[in-house]
Every structure is written in structure tokens, then in C-alpha cells.
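> Got a structure for you, written out below as C-alpha cells; questions coming shortly.
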Amino acid sequence: MDIQQLADAHIANTYARFPLALVKGQGCTVWDDQGRAYTDFIAGIAVCNLGHSHPDLVAVLSEQARTLWHVSNLYYTGPQAELAAWLTAHSFADRVFFGNSGAEANEAAIKLARKYFKDQGAPERYRVVSMKQSFHGRTMATLSATGQEKVRKGYDPILEGFDYAAFDDIEDLSCLVGPATCAVMLEPIQGEGGVVVPDKAYLAEVRRLCDETGCLLIFDEIQTGIGRTGKLFAYEHFGVTPDIMTLAKALGNGLPIGAMLATEKVAAAFVPGAHASTFGGTPLVTAVALKVLQILTEEGVLEQAAKTGAYLREALMRLKTKHAAIQEIRGMGLLVAARIDRPAAPIVRACMEQGYLINCVQDNILRFAPPLIVTPEQIDGLMVCLDKVLSGADKQR
Ligand SMILES: *Cc1c(COP(=O)(O)O)cnc(C)c1O
């Protein structure tokens, strides 16, 4: 039996996978079980920001694997403490809670927001306002926060206490935020919602609304963080800081790690026994995550991502002038999308057949999230591929 048959026979059928079994990766290239190479413009869904098998990460991982993998949070470990110190030194936050995924980081954020007001003697403040078209994860609390019917479908009753505002619409949000609201939770740029960049002033207006009403602001930077938008965190583009921020995806460059960061004032609600995770922040993953952040900030990767991101968007704009199918190019840094006038899945499939991995969100949006080390030459290659694929699609119509 080959890999696909074995998987289809035994793995829970929750994924609509491409008929492609990948066996190896290096930099921005992955190889299938037939030895065919693909240039990776999705990077494990904005995860492998430093590419596949980065030699320095392999070295740190190997060294830590020989030293200490896991001892639980009954004890102190060096890499976890160092990673938390790094994250707080480079962000608005003072304290970090480590989990293993984005959903767990958001779960911690929601729990912390509720507990913060319970501790203040305001238990009636427990509601979270999140956004329509948002994505926050698949656990019961995070799917309840997710403003997409397709994610919640089949799991009723969802958790009580979630309201959904239209994204990038401060009027709609102000109608929903009230005395029962503990937090407003949003992605600075909606990822799964279709790479939606809000108006430059929007996040500052949200911050002001939260301050006026006394509720907390949670930024889900699980997809936008760790250099994806050309800065370490997307909030830096908007000059606004949250009270709580969640990270995961690229933090471990593919090792599972999630983190919930908060200010001292808010984090004080998490006392011993209030929250926990067996695997949260193991020496193995935190040693790698620290190295990820050092490479990102000390080797010019952030600046490179900003530059190649602009190059990618400009190249797509040129393609747009040639193909009427492309309606809009949007994004920031190397989180980029092209909205097209037709279903995106056949285009994604055709690109794969041409040796380029991209993906689609919201049916008609092509998403590009390559490793941040992608080169202009690799982007040029993708443009030749997209040009060819879109020309074929034009003919079929
Ligand atoms: C991917 C993602 C999540 C969920 O992360 P998991 O690790 O899959 O649980 C949450 N929020 C955003 C914005 C994401 O992109």
C-alpha cells in the first residue's frame, strides 16, 4: 500500500487532501514520493517561515534532543524561561503561557479574559465579541469564537457568551460591546477569512472603544505573527497594542507550540492551578522557537520578508492587468492573496501540477504564504506558472 492508501484507510476523514504525499523538504522546496520537486508557497499554512529543515534549527533541535526533551511544568527549564524572556522583551507583553497549538493559545486567552473580571468582582463581564469571518481554532471555545458557520456547524450548542461584529466596521462593533463584554478578540489581518487587511485607523479605534468601555483587547496573531507581515507582529504596523496576544503557527517553524502573551496587570489573574498544560513549553520546542526568533530578527529575515512581499504583490498586480479573472490583490508582507472571479480550487490544483504549492481560502481567494526566505527568482517562477494556468482557465470559459 502506498502512503495515500494507508492514510485513507486509517486516518479520521477530516481532511480533503491533495493526492500528493510529501517526503522531504529543504528551504522553499518540498519533494513528493515520486521524487518530484515543488516550490512551497504555503509553508505548512504560514508555519515554516524559515523554510524546511533550516540547518541552524536542525542543529538546535538535535542538541536539545540529546540533552532534555520533556519534564513537565512541575519543574523549571532553561529554554522555556529564555523564550518567555525574549518574547516579553520584544513585545508589549510581560508574561507568557505556553501551550501546543493556536487553539490552545486562544483557549487560554478567553479563559484569562473571563477570570480577570471574575477576580475584579465583575462576574457579569464574560462575553467575548469576535469578528464575522474570523478563525480562532477548532476546540469548543475557539470554534465558538470563530465567526464562520461552516466551522461551528454540527457542534451545537456552542459555548454561551460570544457575539460577532462585522470586521473593519467600528460602528457595528460599538453596538455589540457592552457592560457584559470582557474582551474584543480579533486577527489584525484576517487569515482564513481571506487575507482581509482592515483600514489603517480601525485597530486604533477598536483600542479606544475597549479603553472607553473597560474591556480587554485580544489580538490573535497566530497567522500574522513571527514576521509573516514583514514585522515581528502585525500590530506594529498599526501602532496599537493589545492586552493579550496569541501566537502559534510559525513560532516553532513547524514544531507544535502555542503561546498566550499578556500584560502584567491582566496576567495576574492566572495563579498556580488556574490553567495548565502537560506539554506546554517543553525544552525541545522552546529551544527551537528561541532560535527561530533569533534568526528572524538577527539575520535580516524580517526586512527581507517586507521586501519580497512587496515584490510578490507588485508581480501579482502586473499579472492582474493581463488576466481579467484577478479581481484584487491584497495582503501585507508575505501574507498575500489574489481574489479571483471563479472557484480557486482548480487553479490551486493546476499550480500543483506545475510544481507550485499555493492554497485557497473562502472559495475564490488564492493565498500565498511562502517561507520568508523565498527569493525573487522563485516568485518569478510562480508568476510564469500562474500566467500559464490562468491563460488555460480563460480558454476554458
Ligand atoms: C491557524 C489559526 C488558528 C488555530 O491554530 P491551530 O494550531 O490549528 O489550533 C487560530 N487562529 C488563527 C488566526 C489561525 O490562523
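The values are calculated or read from the model by the stated rules, or taken from the named source; none is laboratory data. The model shown is predicted, which means the values in this text are computed figures rather than measured ones. Don't worry about glycine lacking a Cβ; one is built from the backbone with ideal geometry, like all the others, and counts go over all protein chains shown. Only protein heavy atoms, including side chains, enter the accessible area calculation; ligands, DNA and RNA are left aside. Shrake-Rupley method; radii C 1.70, N 1.55, O 1.52, S 1.80 Å.
Residue-by-condition table, conditions (1) of a type in the set (D, E, K, R); (2) closer than 26 Å to Tyr356 by Cβ; (3) touching a Cys at 6+ places or on another chain (Cβ under 7 Å); (4) not in a strand (DSSP E or B):
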position: Leu6; (1), (2), (3), (4): no, no, no, yes
position: Gly25; (1), (2), (3), (4): no, yes, no, no
position: Ile45; (1), (2), (3), (4): no, yes, no, yes
position: Ala65; (1), (2), (3), (4): no, no, no, yes
position: Ala105; (1), (2), (3), (4): no, no, no, yes
position: Ala108; (1), (2), (3), (4): no, no, no, yes
position: Arg114; (1), (2), (3), (4): yes, no, yes, yes
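> Also: Quick one: Ser130 ticks every box in (1) surrounded by fewer than 20 Cβ atoms within 10 Å (Cβ to Cβ); (2) outside any loop (DSSP other than H, G, I, E, B); (3) hydroxyl-bearing (Ser, Thr, Tyr) bar one, so which box is it?
Tallying (1) surrounded by fewer than 20 Cβ atoms within 10 Å (Cβ to Cβ); (2) outside any loop (DSSP other than H, G, I, E, B); (3) hydroxyl-bearing (Ser, Thr, Tyr), Ser130 fails exactly one: (1).
> Next up: Across the range 126-145, what is the number of residues that are under 14 Å from Ala109 (Cα atoms) and within 11 Å of the ligand (Cβ to nearest atom)?
Here the count works out to 7.
> If Lys111 meets every condition in (1) open to solvent by less than 40 Å² (accessible area, probe 1.4 Å); (2) touching a residue at least 60 places away in the same chain (Cβ under 8 Å); (3) within 16 Å of the ligand (Cβ to nearest atom) apart from one, which number is that one?
Tallying (1) open to solvent by less than 40 Å² (accessible area, probe 1.4 Å); (2) touching a residue at least 60 places away in the same chain (Cβ under 8 Å); (3) within 16 Å of the ligand (Cβ to nearest atom), Lys111 fails exactly one: (1).
> Next up: Among the candidates Ile218, Ile226, Ile222, which residue alone is modelled with pLDDT of 95 or more, within 15 Å of the ligand (Cβ to nearest atom), under 16 Å from the mean Cα position of the chain (by Cα) and open to solvent by 10 Å² or more (accessible area, probe 1.4 Å)?
Ile222
> Name the residues in the range 230-255 that are within 16 Å of the ligand (Cβ to nearest atom), over 13 Å from the mean Cα position of the chain (by Cα) and in a loop (DSSP other than H, G, I, E, B), would you?
Answer for the range 230-255, where residues must be within 16 Å of the ligand (Cβ to nearest atom), over 13 Å from the mean Cα position of the chain (by Cα) and in a loop (DSSP other than H, G, I, E, B): just Pro242.
> Separate question: Would you check which residues across the range 302-326 are closer than 13 Å to Leu390 by Cα and either part of a loop (DSSP other than H, G, I, E, B) or open to solvent by less than 80 Å² (accessible area, probe 1.4 Å) (or both) and list them?
Leu316, Leu319, Lys320, His323, Ala324, Ala325, Ile326
> Within the range 327-363, how many residues turn out to be in a strand (DSSP E or B), of a type in the set (Val, Ile, Thr) and more than 16 Å from Ala46 (Cβ to Cβ)?
The qualifying residues number 2.
> Within the range 256-271, how many residues turn out to be open to solvent by less than 10 Å² (accessible area, probe 1.4 Å), within 16 Å of the ligand (Cβ to nearest atom) and not in a strand (DSSP E or B)?
1
Here's the yes/no breakdown for (1) open to solvent by less than 50 Å² (accessible area, probe 1.4 Å); (2) not aliphatic (A, V, I, L, M):
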residue: Ala350; (1), (2): yes, no
residue: Gln354; (1), (2): no, yes
residue: Ile358; (1), (2): yes, no
residue: Gln362; (1), (2): yes, yes
residue: Arg367; (1), (2): yes, yes
residue: Val374; (1), (2): yes, no
residue: Asp380; (1), (2): no, yes
residue: Leu386; (1), (2): yes, no
residue: Ala393; (1), (2): yes, no
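> Among the residues of the range 58-70, count how many are open to solvent by less than 40 Å² (accessible area, probe 1.4 Å) and either over 18 Å from Asn100 (Cβ atoms) or charged (D, E, K, R) (or both).
Looking only at that region, the number is 1.
> A further question follows. Would you check if there is a residue in the range 116-127 being part of a strand (DSSP E or B) and either over 27 Å from Ile365 (Cα atoms) or modelled with pLDDT of 95 or more (or both)?
So far as the range 116-127 goes, yes, one or more of its residues are part of a strand (DSSP E or B) and either over 27 Å from Ile365 (Cα atoms) or modelled with pLDDT of 95 or more (or both).
> Return the only residue of Asp2, Asp40, Asp8, Asp33 being out of contact with any Phe, Trp or Tyr (no Cβ under 8 Å at 6 or more places or on another chain) and open to solvent by 90 Å² or more (accessible area, probe 1.4 Å).
Asp8
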